[in-house]
Amino acid sequence: MKKLIFKILFLLFIIAIILVTIFVLMGYTRYTDSLEDKPLEKYISEIKERKNYTKLDEVPKIYLDAVIAVEDHRFYDHKGVDLFSLTRAVFVDVTTKELSQGGSTITQQLAKNLYFEMDMTATRKIAEGFLANELEKKYSKDEILELYINTAYYGDGYYSVKEASRGYFGKEPIEMTDYEATLLAGVPNAPSVYAPTQNMDLAKQRQKHVVECMVKYDYLSQEEADKILD
């Protein structure tokens with residue numbers, strides 16, 4: 001009986017390895033096909049030439065801090081894919097039986113924004129991982145962050161921080177108040193839910209979470225956080 005159980009477990013292990021290998025190969029093919037259709041460096045150059053492209057020094061520091069705190073607080077520590085955060089996210093999803101934790105880094109989200117926004121296949125995450133690694137090789141962390149805020153979707157048809165700031169607040173990004181900056185930082189997570197024009201109460205709930213993350217990761221003191229939300 002023990003030998004039979006061992007054989008079954010070994011067979012299941014082999015099947016699992018085969019399935020994982022197949023999915024990785026499919027993801028890698030999706031990644032290489034995407035770069036063949038649209039070369040990365042050429043695409044990035046085109047994005048930087050857009051009239052609404054905004055450089056990091058053209059947005060408030062608190063906005064950048066808010067984005068990192070809520071989306072990827074280990075952004076400057078990982079190499080594109082944060083295995084620690086990914087493992088934690090998978091553990092939470094499994095234990096709660098809900099897909100509540102994404103585990104995606106800012107680099108992975110940039111990869112999705114660039115190539116896989118409309119791709120809902122099971123291998124998209126794998127393709128994102130390969131592209132995230134490529135982005136980290138070719139671009140600095142600040143360049144990746146800059147590209148992210150210029151390609152994220154903010155709702156209401158706004159696809160860059162400049163469009164969103166102008167559309168929601170009627171001002172340039174650098175002119176955003178601390179309140180506006182932290183409110184906007186929470187929108188890309190779910191634009192159809194958190195856009196100020198959709199449901200201000202939910203937008204403020206998300207903003208509160210953003211500010212709490214900023215306190216947790218030492219971007220703000222509790223006193224500063226309370227002042228923003230007051």
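Worth a mention:
- From the list 125, 141, the lone residue that is closer than 26 Å to residue 184 by Cα, modelled with pLDDT of 95 or more and among the basic types (Lys, Arg) is 141.
- Whenever a residue of segment 106-120 is closer than 11 Å to residue 144 by Cβ, its partners that are among the small types (Gly, Ala, Ser) and assigned to a helix (DSSP H, G or I), lying with C-beta atoms within less than 7 angstrom and at least six residues away or across chains, give the pairs 107/132; 108/129; 108/132; 111/132.
Condition check ((1) farther than 26 Å from residue 157 by Cβ; (2) basic (Lys, Arg)) across all residues:
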{"site": "5", "(1), (2)": "yes, no"}
{"site": "11", "(1), (2)": "yes, no"}
{"site": "30", "(1), (2)": "yes, yes"}
{"site": "34", "(1), (2)": "no, no"}
{"site": "46", "(1), (2)": "no, no"}
{"site": "51", "(1), (2)": "no, yes"}
{"site": "60", "(1), (2)": "no, no"}
{"site": "65", "(1), (2)": "yes, no"}
{"site": "69", "(1), (2)": "yes, no"}
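- Residues of segment 216-227 that are farther than 19 Å from residue 187 by Cα and among the hydrophobic types (A, V, I, L, M, F, W, C): 220 alone.
- Residue check, residue 174 closer than 24 Å to residue 47 by Cα, of a type in the set (Val, Ile, Thr), modelled with pLDDT of 90 or more and surrounded by fewer than 19 Cβ atoms within 10 Å (Cβ to Cβ): yes
- Helices (runs of 4 or more DSSP H) within segment 127-230 that include 3 or more residues free of Cβ contacts under 8 Å to residues at least 60 places away in the same chain: 161-169, 178-185, 191-194, 200-216, 222-229
- Some residue of segment 192-215 being closer than 19 Å to residue 148 by Cα and out of contact with any helix residue (DSSP H, G or I) (no Cβ under 8 Å at 6 or more places or on another chain): yes
- Scanning segment 33-60 for residues that are of a type in the set (Phe, Trp, Tyr) and not in a loop (DSSP other than H, G, I, E, B) turns up just one, 43.
- Among residues of segment 49-78, those that are surrounded by fewer than 15 Cβ atoms within 10 Å (Cβ to Cβ), under 19 Å from the mean Cα position of the chain (by Cα) and among the charged types (D, E, K, R), counted: 4
- Within this structure, residue 41 passes the test of being closer than 30 Å to residue 184 by Cα, exposed (fewer than 14 other Cβ atoms within 10 Å of the Cβ) and touching a residue at least 60 places away in the same chain (Cβ under 8 Å).
- In segment 1-37, the residues that are under 19 Å from residue 138 (Cβ atoms) and in contact with a Phe, Trp or Tyr (Cβ under 7 Å, 6 or more places away or on another chain): 28, 31, 34
- Test: residue 100 is under 22 Å from residue 219 (Cα atoms), modelled with pLDDT under 95 and not in a helix (DSSP H, G or I): no
- Residue 182 being modelled with pLDDT of 95 or more and within 14 Å of residue 66 (Cα to Cα): yes
The values are calculated or read from the model by the stated rules, or taken from the named source; none is laboratory data. From a predicted model like this one, the values you see are computed outputs, not experimental measurements. No Cβ is skipped: glycine too gets one built from the backbone with ideal geometry, and neighbour counts run over all protein chains shown.
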